[in-house]
1. Quick one: in region 67-98, which of the residues that are in contact with a Gly (Cβ under 9 Å, 6 or more places away or on another chain) and touching a residue at least 12 places away in the same chain (Cβ under 8 Å) is surrounded by the most Cβ atoms within 10 Å (Cβ to Cβ)?
2. Looking only at region 51-78, count how many residues are farther than 18 Å from Trp34 by Cβ, modelled with pLDDT of 90 or more and assigned to a helix (DSSP H, G or I).
3. Failed condition for Asp27, given (1) assigned by TED's automatic domain parsing to the domain that holds Ser2; (2) at pLDDT below 85; (3) more than 21 Å from the chain's Cα centre (by Cα); (4) not in a loop (DSSP other than H, G, I, E, B), with all others met?
4. Test of understanding: among Ser50, Ser64, Ser9, which residue is touching an Asp or Glu at 6+ places or on another chain (Cβ under 9 Å) and surrounded by 11 or more Cβ atoms within 10 Å (Cβ to Cβ)?
Amino acid sequence: MSNKSLFGSILVGIGIVWLLDSFGVIDAPSFGQWLPIILIAFGVWRFLSSQFKAIVEAIIWIGSGVTIGLLQLDIITVRQLFRAFWPVIVILIGLWVLSSGNKKSIEKEGEKEEKKS
């Protein structure tokens with residue numbers, strides 16, 4: 001089973017349990033209390049399974065899990081979260097641009113080396 005199939009199956013399973021709990025068919029533990037852990041674990045898994053290439057994606061997943069956890073524990077408020085939201089988005093976009101720019105420059109250098117040969 002591929003990673004994509006495994007992740008899709010897990011999401012479908014979580015969705016079914018959540019839906020049945022919403023309609024009172026089963027009494028599942030609160031999904032919200034596990035959400036931060038699930039997001040953080042997925043971010044770490046995604047980072048490791050991509051052989052350390054999906055840095056920005058992992059930061060987004062892990063950051064989302066940490067943020068939701070901090071909100072649930074009342075360590076930060078929604079107001080504080082929104083005050084920091086746009087600066088963090090700008091930082092993430094900057095990191096993404098820097099990381100994608102390095103790949104292109106490395107590829108161009110490799111092409112120049114091949115042409116010289």
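The values are calculated or read from the model by the stated rules, or taken from the named source; none is laboratory data. Predicted, not measured: the structure shown is a model, and the values here were computed from it. All Cβ positions, glycine included, derive from the backbone under ideal geometry; neighbour counts span all protein chains shown.
1. Filtering region 67-98 for residues that are in contact with a Gly (Cβ under 9 Å, 6 or more places away or on another chain) and touching a residue at least 12 places away in the same chain (Cβ under 8 Å), the one surrounded by the most Cβ atoms within 10 Å (Cβ to Cβ) comes out as Ile68.
2. Final tally of qualifying residues: 0.
3. Asp27 satisfies all of (1) assigned by TED's automatic domain parsing to the domain that holds Ser2; (2) at pLDDT below 85; (3) more than 21 Å from the chain's Cα centre (by Cα); (4) not in a loop (DSSP other than H, G, I, E, B) except (4).
4. Answer to the check: Ser50.
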